[in-house]
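J.: Have a look at this one.
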Amino acid sequence: MQKKIIQVSDIHFGEKTFSQDLKNNLLKQVTDENPDLIIVSGDLTTQGYVHEYNDASTFLDELESITEIHVIPGNHDARNVGLVHFEKQVGERKFIHNDKSGGFAIIGLDSSEPDINDGQIGVDQLEWLKNELNKIPDDICKIVTFHHHLLPIPQTGRERNILLDSGDLLRVFTDYGVDFVLNGHKHVPNVWMLEKMVTLNSGTATTRKLRGHTYPSYNELLIDECGIFVNLINTETGYKKELANYSVEVDGNEYSICSYNHNTLHLP
């Protein structure tokens, strides 16, 4: 059974480059895609103010009318004591989603730090992550999402905001067999393959805060027992391009990515 996941990030209600048209496009496109799950990988707001969260809450209600959603905070959401509003209007800052019929499980983490752009997972959350990964069977796809990028992103300028404890997190991912990592933060879509683990970054879906020749976009993941396909969707035009595909296998009750293909990010 194929499952469809939409990953969207960096909405930025309150940002001067936020586009109402792009937001409306996103809602229409996601409605047409009819996904099984939507993951919002942080930065719903720009300054973490309550009026921004009010707008974000309305937007999330619209997404929730389409399908199940999970949301984690980003660095902008944590500004100005914004996590108080996040917890009140959005919900928990981490989550666990198990889909046995789809053959995957997703864990969401909070990588934000109050009033700074840097991020970290922290010792307590790392221990929580280990315990939860231990509960996931080895024969399904293990996915983890958090806002800050785990690995540097090309064409984003000087590297400044990678996770402060990325090394410790990478060790946990290696030890516990994580297959996919979903990030946002840099407004530039990208995909890396590290050993047998994919790190997938989404761009900004609803703003004009774009670097170089990038465009407003979000990711679509199609997961079934034979493989995973990743599509990049242009929020402005609706154009869909295959970003990557992966063949998978379960050998000795262990799920693994056995081959992959990554395509260029640029639209014709």
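J.: Provide a single number: the residues in segment 86-124 that are touching a Gly at 6+ places or on another chain (Cβ under 7 Å) and touching a residue at least 40 places away in the same chain (Cβ under 8 Å).
T.: 2
J.: For segment 128-175: of the residues being over 27 Å from VAL248 (Cα atoms) and among the charged types (D, E, K, R), which is least open to solvent (accessible area, probe 1.4 Å)? Please lay out each step first, then the result.
T.: If we filter segment 128-175 for residues that are over 27 Å from VAL248 (Cα atoms), which is where we start, we get 128, 155-165.
Adding the requirement that they be among the charged types (D, E, K, R) leaves 158-160, 165.
On the way: ARG158: 176, GLU159: 68, ARG160: 138, ASP165: 17 Å².
Once the filter is applied, the top-ranked residue is ASP165.
J.: Evaluate segment 257-264: report whether one residue or more is touching a residue at least 60 places away in the same chain (Cβ under 8 Å), open to solvent by 10 Å² or more (accessible area, probe 1.4 Å) and small (Gly, Ala, Ser).
T.: No; the residues of segment 257-264 include none that is touching a residue at least 60 places away in the same chain (Cβ under 8 Å), open to solvent by 10 Å² or more (accessible area, probe 1.4 Å) and small (Gly, Ala, Ser).
J.: What's the number of the only condition in (1) open to solvent by 10 Å² or more (accessible area, probe 1.4 Å); (2) under 19 Å from GLU220 (Cα atoms) that PHE18 fails to meet?
T.: All conditions pass for PHE18, except number (2).
J.: Can I ask one more? Determine, yes or no, whether SER112 is more than 30 Å from LYS240 (Cα to Cα) and among the small types (Gly, Ala, Ser).
T.: yes
J.: OK, next. Do we have THR237 as of a type in the set (S, T, N, Q), open to solvent by 50 Å² or more (accessible area, probe 1.4 Å) and not in a strand (DSSP E or B) here?
T.: Judged against the criteria, THR237 is a match.
J.: State the number of residues belonging to segment 75-127 that are of a type outside the set (D, E, K, R) and surrounded by fewer than 16 Cβ atoms within 10 Å (Cβ to Cβ).
T.: Adding up the residues that qualify gives 11.
J.: Could I ask something else about it? Could you run through segment 240-266 and say how many residues are in contact with a Cys (Cβ under 8 Å, 6 or more places away or on another chain) and either in a loop (DSSP other than H, G, I, E, B) or of a type outside the set (Ser, Thr, Tyr) (or both)?
T.: So the count comes out to 2.
J.: Every residue in segment 26-57 that is more than 20 Å from LEU221 (Cβ to Cβ) and of a type in the set (S, T, N, Q), please.
T.: The answer is THR45, THR46, GLN47, ASN54, SER57.
J.: Another question about this same structure. Of the conditions (1) surrounded by 18 or more Cβ atoms within 10 Å (Cβ to Cβ); (2) without any contact (Cβ under 8 Å) to a residue 12 or more places away in the chain, ASP251 fails just one. Which one is it?
T.: Of the numbered conditions (1) surrounded by 18 or more Cβ atoms within 10 Å (Cβ to Cβ); (2) without any contact (Cβ under 8 Å) to a residue 12 or more places away in the chain, the odd one out for ASP251 is (1).
J.: What number of residues within segment 21-55 satisfy the criterion of being open to solvent by less than 10 Å² (accessible area, probe 1.4 Å) and under 17 Å from the mean Cα position of the chain (by Cα)?
T.: The total comes to 12.
J.: When you look at ASN183, is it touching a strand residue (DSSP E or B) at 6+ places or on another chain (Cβ under 7 Å), without any contact (Cβ under 8 Å) to a residue 60 or more places away in the chain, within 24 Å of GLY102 (Cα to Cα) and open to solvent by less than 40 Å² (accessible area, probe 1.4 Å), yes or no?
T.: no
The values are calculated or read from the model by the stated rules, or taken from the named source; none is laboratory data. Since the structure is predicted, the reported quantities are computational estimates derived from the model, not experimental observations. No Cβ is skipped: glycine too gets one built from the backbone with ideal geometry, and neighbour counts run over all protein chains shown. Side chains are part of the model used for accessible areas, which takes the heavy atoms of the whole protein and leaves out ligands, DNA and RNA. Shrake-Rupley method; radii C 1.70, N 1.55, O 1.52, S 1.80 Å.
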